[in-house]
Structure formats: structure tokens, C-alpha cells
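Asks: Structure below; questions to follow.
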Amino acid sequence: IVQWTPFFQTYKKQRYPWVQLAGHQGNFKAGPDQGTILKKLSSQEERCFQLLMKDVLRPFVPEYKGQVTCDDGELYLQLQDLLSSFDCPCVMDCKVGVRTYLEEELAKAKEKTKLRKDMYEKMIQIDQKAPTEEEHRSKGVTKPRYMIWRETISSTSTLGFRIDGVKKGDGTSSKDFKTTKTKEQISEAFKEFTAGFPNAVPRYLERLKNIRETLNESHFFRTHELIGSSLLFVHDKRKASIWMIDFAKTVPVPDNITIDHKSAWKVGNHEDGYLIGINNLISIFESITSK
Ligand code: ATP
Ligand code: MG
Ligand code: MG
């Protein structure tokens, strides 16, 4: 249990500890305007936000308010702080998609055929039986092998999303969902996340369906591969909502390729499985409401 508070925010005269569930601490700062935060600039992500502000998905992403240069000389994106209008919010980050690395990153990893002892060690720490006999003998695995394996220990490769972090309103948080994999395990985690907030589940479900419907109409979604992007779930006693965040690894689909976000991924086809994740999220939340 850790209290993860990189800085304090002020909104309508209320002071509250900001919650960051993923990424490096240094990547975020309090924003210059009330109700905003700063995220370290990536031009890839800025480009996405600029397009999203003109897309039907706009209501489902934090508002983008332009670039800011900080005293340290670093460039940041100023974004709506999604927590501002909540009172002691419970927050959950779910990373969507059947893989969390770009095709390009895998291709780069494949160029290096060196066996990695560090990755072998990480592998056996999680699962003694994961390495092949050959890999056990050499006490090493290649990087692409490790990258592909890593997506199979959580629900990423099977359900098309994984829980990346959770923090309840009382300050308790658990960051260890690395091997949370089955529908049953996820369902338990969602129940724990929403326990004591009976309104949250039906609202989350409605919002997820809204998101799915809008994705199907979005030009941005049709033309981009969404990798490592998350849905941020936020609720308190009064309300509950979900936003799409983190477009640092969202890239345009190459000209000669179209993707449907739900076909199986094969190296080179650029499918991200985003809709596989959304559909599974909806079916898991539905199974919780019906009980
Ligand atoms: P990573 O790639 O490791 O996921 P990152 O540096 O790209 O991290 P994000 O995923 O965009 O950063 O954000 C990290 C965390 O910060 C999120 O999990 C969420 O808790 C919080 N966060 C990000 N954007 C917002 C926002 N607009 N409003 C409120 N919280 C946010
Ligand atoms: Mg993220
Ligand atoms: Mg990111």
C-alpha cells in the first residue's frame, strides 16, 4: 500500500493530492491554470490531442490546452485534470490493447539477437516454467521473445486490456496487477474497486458503451493504431466516468493498411486489439451488474 502523490492540486479553493497511477513521476506537474496538469511533451502525443480536439471522440479525452514551457526549459502539454471535479476519487488505469509495444519496437528488438540474462531472470521470477529447455540451459532469452511473453502474464494478450493501477478514495492503492490475467481475477479487482459505490458500475457500463459507439464513428480511431493507451476510470460518491488517455504511442496506420481493432494481431498487420479490450471490459462489467 503506497500513497502516490507527486504534487497537490487546487480546484475551486479545494486542495487535493493528485493521483498518478503510471509513468515516471517527473513526467507530470501541476498546471498553470486551475483544473489542469502538465505532461512532458511528446510530439507524437501532441499531434494526437490536436486531432482529437476536432474528432467525435473529444468528449472522451482530457481537453488539450496547448504547449507550456516550464522554468526548467522543458516543454509540456497542458491537459484537463480529470480528477478536479471529484471528491476523494477512486481511480483505475486500464491499458487497452493486445500488445503494448509498437511493431517498430519489436522489429528493432529483433535486430539484436543477443541473449539477455536480465530478461531471463525476470521471466523465471514470475514463472519458473516459462523459459524453454534451451533458454534454461543458456540462462538467457532474446528481447523479442521476452516482449511477447510479457504480454501473456497479464490479461493483455488474451482479453485485450490489463489493469495498470488502482487507487481507492481512502488512499489505499495497489500497483501489483502484473499477473492479474483471468476474467475471474479481473472481475474480483473491479468489484473491490467499486465496493461501497453502488452507482459506479452502471455508470461505467453506460460510458463504456458510449465510448464503443463513438469509436466506431471516429475518423481518428479508424486511422490510428492505439498502443499503450489507457482508459482512466474515476468515481466518487456522486459520479463516475471514464476517459481515454495516454497517446504517446498512438501512431497513424500506414497508408496501404487498414485495421479493424479486433482482428488477431500478426506481425506486420498493425492490429491493436483495442475493441477486443473494450468488448471484454463491457462483458466483465455486465457480469458484475447482473449479480
Ligand atoms: P505510461 O506510458 O507508463 O503509462 P505516461 O508517462 O505515458 O505513462 P500517462 O499514462 O499518460 O503517462 O499517465 C500516467 C498516469 O497519470 C495515469 O495512469 C493517471 O493516473 C494520471 N493521468 C494522466 N493524465 C491525466 C489527466 N488528464 N487527468 C488526471 N490524471 C491523469
Ligand atoms: Mg499510460
Ligand atoms: Mg504512455
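The values are calculated or read from the model by the stated rules, or taken from the named source; none is laboratory data. Small disclaimer: the values here were computed from a predicted structure and weren't measured. As a convention, Cβ positions derive from the backbone with ideal geometry for all residues, glycine included, and neighbour counts pool all protein chains shown. To get the accessible areas, we keep the full protein, side chains included, count just its heavy atoms, and leave off ligands, DNA and RNA. Shrake-Rupley method; radii C 1.70, N 1.55, O 1.52, S 1.80 Å.
Asks: Just to be sure, is Glu271 acidic (Asp, Glu), open to solvent by less than 60 Å² (accessible area, probe 1.4 Å), more than 16 Å from ligand 3 (Cβ to nearest atom) and assigned to a loop (DSSP other than H, G, I, E, B)?
Replies: In short, yes.
Asks: Return the residues of the range 38-57 that are closer than 14 Å to Leu75 by Cα and either within 13 Å of ligand 1 (Cβ to nearest atom) or touching a Pro at 6+ places or on another chain (Cβ under 7 Å) (or both); say none if nothing qualifies.
Replies: Leu38, Lys39, Lys40, Leu41, Ser42, Gln44, Glu45, Glu46
Asks: Restricting the range 123-133 to residues that are part of a helix (DSSP H, G or I) and open to solvent by less than 50 Å² (accessible area, probe 1.4 Å), which is farthest from Asn280 (Cα to Cα)?
Replies: Ile124
Asks: Select from the range 180-190 the residues that are surrounded by 14 or more Cβ atoms within 10 Å (Cβ to Cβ) and not aromatic (Phe, Trp, Tyr) and list them in ascending order.
Replies: Selection gives Thr180, Lys181, Lys183, Gln185, Ile186, Ser187, Ala189.
Asks: Would you check if Leu57 is more than 15 Å from ligand 2 (Cβ to nearest atom), closer than 13 Å to Asp246 by Cα, within 19 Å of the chain's Cα centre (by Cα) and of a type outside the set (Phe, Trp, Tyr)?
Replies: No; evaluated as a whole, the condition is false for this residue.
Asks: How many of the residues in the range 224-250 are in contact with a strand residue (DSSP E or B) (Cβ under 8 Å, 6 or more places away or on another chain), part of a loop (DSSP other than H, G, I, E, B) and away from ligand 3 (no atom under 11 Å from the Cβ)?
Replies: Final tally of qualifying residues: 1.
Asks: Check off (1) surrounded by 13 or more Cβ atoms within 10 Å (Cβ to Cβ); (2) over 20 Å from the mean Cα position of the chain (by Cα); (3) within 27 Å of Tyr204 (Cβ to Cβ) for Leu75 and give me the number that stays unchecked.
Replies: Only one criterion is unmet by Leu75, namely (3).
Asks: Right, something else. In the range 76-125, what residues are in contact (Cβ under 8 Å) with a residue 24 or more places away in the chain and β-branched (Val, Ile, Thr)?
Replies: Val91, Val96, Val98, Thr100, Thr113
This table checks each residue for (1) open to solvent by 20 Å² or more (accessible area, probe 1.4 Å); (2) in a loop (DSSP other than H, G, I, E, B); (3) of a type in the set (Val, Ile, Thr); (4) at pLDDT 95 or above.
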{"residue": "Cys94", "(1), (2), (3), (4)": "no, no, no, yes"}
{"residue": "Arg99", "(1), (2), (3), (4)": "no, yes, no, yes"}
{"residue": "Leu106", "(1), (2), (3), (4)": "no, no, no, no"}
{"residue": "Ala109", "(1), (2), (3), (4)": "no, no, no, no"}
{"residue": "Thr113", "(1), (2), (3), (4)": "yes, yes, yes, no"}
{"residue": "Glu121", "(1), (2), (3), (4)": "yes, no, no, yes"}
{"residue": "Glu135", "(1), (2), (3), (4)": "yes, no, no, yes"}
{"residue": "Ile148", "(1), (2), (3), (4)": "yes, no, yes, no"}
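Asks: Related question: Which residues, taken from the range 208-223, are in contact (Cβ under 8 Å) with a residue 60 or more places away in the chain and either among the charged types (D, E, K, R) or within 16 Å of ligand 2 (Cβ to nearest atom) (or both)?
Replies: Lys209, Arg212, Glu217
Asks: So Ile259 ticks every box in (1) within 16 Å of ligand 1 (Cβ to nearest atom); (2) in a loop (DSSP other than H, G, I, E, B); (3) aliphatic (A, V, I, L, M); (4) open to solvent by less than 30 Å² (accessible area, probe 1.4 Å) but one. Which box is left unticked?
Replies: (1) is the only condition that Ile259 fails.
Asks: Considering only the range 206-227, state which residues are within 14 Å of ligand 1 (Cβ to nearest atom) and farther than 15 Å from Val61 by Cα.
Replies: Ile227
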